Structures are given as structure tokens and as C-alpha cells.
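This report concerns only the one structure given below.
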Amino acid sequence: MSLKDDFPILSREVNGHPLVYLDNAATTQKPQVVIDAMSQYYSNSNANVHRAVHTLAGEATEGYEDCRRWIKSWFNAEKAILTGGTTEAINLVAHGWGRANLQAGDAIVLTEMEHHSDIVPWQILSEERGIEIRYVPVLDDFTLDMEAYIASLENAKLVCVVHTSNVLGVRNPVDELISLAHKAGAKILIDAAQAVPHDRIDFEQFNADFMAFSAHKMCGPTGIGALLVKNDAFEQMQPFMGGGDMIESVTTSGSTYQKNEHKFEAGTPKIAEAVGWSAAFDWMSKIDLPAHHERLLNIAKWTAEQLRGLGFTVYGRHQSGDGAVVSFLHPTIHSEDFARFLDAKGFAVRTGHHCAQPLLNRLGITGTIRASFYLYNTQDEAEKFIQIVQYIVEKFA
Amino acid sequence: MKYPQALQELIDEFSFIDDKMEILEYVYELSEEVVEFPIANWSEKTRIIGCQSEAHLEVVVKDGIVELRCGADSKIVQGMMGLVTIAINGRTAEDVLQLKPDFAQEMGILNSLSPSRSNGFRNLFDKVMLEIRIKQ
């Protein structure tokens, strides 16, 4: 029995060919246990959380809070706020921490490598509050310009940086980035959306102030993610969404808020999604993640070498610790055409700017074709992928 | 719906092709059917928003007859433009405005016609129709 058998979608055909799913940096597929857990929740335990005394409400609350326990234990974190995903988690930092702690003239540091979800919230805040945004350039070898990073830290209040690039797969030197930010007196937010699927990060040891990620990139459902926060940063945050569940008491003259993570989880939360995410954690706890990551990185590296040999430009380096992502372009066949031809043969890849337009501007291109590998992908699939790529090149170049 | 003869013939031809790759190859060939719209004339105004590729068009309505001029850096997108060219060029604006975009789905070219930002064909079709309405 292969790991692939746990994922029902992977047995389907696309356009008459077995599906080979290589769009994992966008979202991963879900094992049957995750699908079953969510279905079972709606079939058996559906209720709203935290308030009612009836049995179903107790089961729903346990299901929801069990997910928080999984997150805290998986990442060794004291505070885990459940959000709608990475984007919402970053917006929570921008509005919950940023509005309470940043003023006109303050500076924050981003990089050219960021996903739009780690750029746009800061631009909105910058326009609203007159905050300066400094961008750390990306060098020709696809790494961050560390000299420019150090210079940008002067009087900066916050650094927001991606752990692993969703376009390049490059893993940034996060330990160094965190340490330098703290030495300069700045807090640091890590966008770990592409990191957590491959790397079981210890948040306490990691020592970032905030870390954002999504469930759906690690076999969990869409629509849920988390923000890990260190205690001192947590105390500096103010809620930016008000409503039910986040209050202690409400009177016509004002409200008081809960002291724990619920303070930032206004309204009915993502209960079924939390139950599904717990099932994903449970499933992943039986997987040797480091061994799989090494295997997948080798597949990505092999694929990149083959593509270079066929005349493609590959954007990435595939060094130890990097993501199993291969971004590439053919000199004459348009990336969108290429992706359609691949889809016709059952291969799912991503094309376009991957929500990282500043990075693509820096690279002087408007988009790439991106193949990204995850736990269920195999070397055999990569070899079939290269065969089809070769066929497309021979026919259309 | 009843399609113009040239388009109906194409729809019939496509209906005999089961293989998606062959459909795409055919669309690729249709990129030759467009009336050239020189790159020098491409601008923000002529750009089809929502396409991943650079795709541009202009519509001329002369004596009530439509002519679409267009081009794209993606051959498949330009092939879809070729398809629209076959469907509308040389016909009256009044006739063309009756056309619905469903034929692309009937031909198996597209999985979806929902007007999302990534659906280049729908955006192409809507822009052509809008230009005809303005210029007729």
C-alpha cells in the first residue's frame, strides 16, 4: 500500500490520463481521514462552540479546541490563534499589532520575495498610518541581499519575511534574519505557508514573534490557518474584528475582551475545518517528514536539471532545506500554453505570477510554470513529467 | 442556439475529437486565423484584462460590418481569438451581438466559462461584445 492510496483524488483521471498533481505549493490534496473527519463532524457532532451546555456543543468545542492543542504541540507554541489562513493571519498582525504599535514615520521591512499576502496588508496600513516600507532586494542567485537587510533594520519596528519562497523554493536564512531583527529591536513575522508542509518548526526555539501558515498546504482543509504569537507580542495586540465569542462582557457603555486567543476569533469559528486539520496532523504525525522532504527535494533537483538540459530557464537553486518547487520557462512556448498541454496529459501545474509580482518584476519576467512536489509524488511521476515536457517541446517549439 | 455556418462547421469538427491534446493542437492552428493587430498598436486600452498572456484586440465596425483585429503572445489564446474571428468577422453587428460564448465550452476548449479573472476567453468575448456595442 503506497502513501498515495490514502488520497482518493489521486486515483482519478484527467482528460483520459491518470492525474499527476504537481500544484502542491498552491494547495495539497487531502487524505481520506481528513475528508472522513469533516463529514463525521457534520453527520454527528455539528453545533456551535463554547457557549451551549448540550452534548453536541461540548463535542464541537472539543473538536475545535483539539485543533489548537495539535498546533501548539506540533509547533511548540504557547499562543495559537486560529484564522482563515495565512493571509488572514498576516492581516491580523497588520491590524491587531500594527495599528496598536506603529505610528507615522515608523518603518517596517519586507523583501522583494514576499507573496502578495505579505505585501498588500502592509501597503494598506502604510497608506492609512504613514508608515515607511523598506524592501530588501533579491540577488541574482535568488537569495536575499543580507547587507541591504542589515542596513534596512535601522530604527525598523517590524520585519515581515517569507520563510520559503513559493516561486523559487529558496529557504531564507530565517535564524539569522530573526536574530538580526531582534538585535536591532524589531519584531519579526515569518510567513511560513510554504515551510510548515515540509518542516516541523519549533516556534519557541525559532524565536520569531509571529508565524503565519495555512492548513490546506499540509493536507488539511481550505479556509483555516493559524497565527503563532509570542506572549509579549500577544499582549501588545488589540482585536480588529469584534463580535461574539471574543468578549468577556458587553454592555451599552462598552465591552471587555477575553484574555486568551479567543479575543482574536470573533464570530462562529471554522469548526469543521479545525476538526479536519486535527485529522491531518494525526495523519502527518505518522509520516517521516524530514525523509520525505529530502526525497522530494531530490526529485525537484533532478527535474530542474532535466529542464535545463531541454533548454528551459529554471528559477531556483534546490539546495538543502529549500522547497520542492521548480519554476521554469521555455524560450519560445508560452507558459500558459505549456500548462494547457500538460493538463491535456493529466499533469496539474501552476502558471502565472504566483501572487509574487514584485519578485517576478525583479527577475524580469511576468510569470513561470511551476511544478511543486509533495508527500505523494514520486520519481516515476517526475520522469513521466519530463517525457511529456520533451514531447511538447519537440512538437511546438 | 443556431450558430453562423463557419462556426457551426468548426463545432462539428471539434465534436469528433475526444483527445484534449488534439483539441489544443487544433486551437493552436487557429492562431493563424486572426486579422493581425500589430504589437506597435497594443496599449492598456486594447489589452484583455484577466488573461495570463498579453492579449490585445480592437474591433472595427464599418457600414455595420464587424472586423476583429487581435493578437496574443500565447498561441492558444491567439487560437481562441482565431475562433472568435471566424465566428464574427464579416457579419453584421446586430447578428454578432446575438452570439453567446457557450460555443467554446461546447467545443471542449474550456472547462469553465465563469467570468473569473483567470478566464481569458470569457474576458476576450466580453470585451469584443462591449466594443461592438460602443461602435455600432
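The values are calculated or read from the model by the stated rules, or taken from the named source; none is laboratory data. Since the structure is predicted, the reported quantities are computational estimates derived from the model, not experimental observations. Cβ coordinates were reconstructed from backbone atoms using ideal geometry, including for glycine residues, and neighbour counts include every protein chain displayed.
Some points to look at:
- Of the residues making up the range B:1-55, those that are of a type in the set (S, T, N, Q) and over 16 Å from residue A:337 (Cα atoms) number 6.
- Residue match in the range B:68-85 (condition: in contact with a Lys or Arg (Cβ under 8 Å, 6 or more places away or on another chain) and away from every other protein chain (no Cβ under 14 Å)): no
- Pair list, Cβ < 8 Å and 6+ apart or interchain, from the range A:1-26 residues that are within 14 Å of chain B (Cβ to nearest Cβ) and farther than 16 Å from residue A:342 by Cα to residues that are charged (D, E, K, R) and surrounded by 18 or more Cβ atoms within 10 Å (Cβ to Cβ): A:26/A:350
- Of all the residues in the range A:325-356, those that are surrounded by fewer than 20 Cβ atoms within 10 Å (Cβ to Cβ), modelled with pLDDT under 90 and more than 9 Å from every other protein chain (Cβ to nearest Cβ) number 1.
- With a requirement of 2 or more residues that are of a type in the set (A, V, I, L, M, F, W, C) and either farther than 25 Å from residue A:135 by Cα or in contact (Cβ under 8 Å) with a residue 40 or more places away in the chain (or both), the strands (runs of 3 or more DSSP E) lying completely within the range A:292-360 that satisfy it span A:325-329.
- Qualifying position, being without any contact (Cβ under 8 Å) to a residue 12 or more places away in the chain and surrounded by 15 or more Cβ atoms within 10 Å (Cβ to Cβ), among A:93, A:120, A:109: A:120
- Hey, residue B:88 within 17 Å of residue B:130 (Cα to Cα) and in contact with a strand residue (DSSP E or B) (Cβ under 6 Å, 6 or more places away or on another chain) or not: yes
- The range A:46-84 - residue that is in contact (Cβ under 8 Å) with a residue 60 or more places away in the chain and among the small types (Gly, Ala, Ser) and, of those, nearest to residue A:215 (Cα to Cα): A:84
- Condition met for residue B:52 (touching a residue at least 24 places away in the same chain (Cβ under 8 Å) and closer than 16 Å to residue B:128 by Cβ): no
- Subset of the range B:66-83 [among the β-branched types (Val, Ile, Thr) and at pLDDT 95 or above]: B:66
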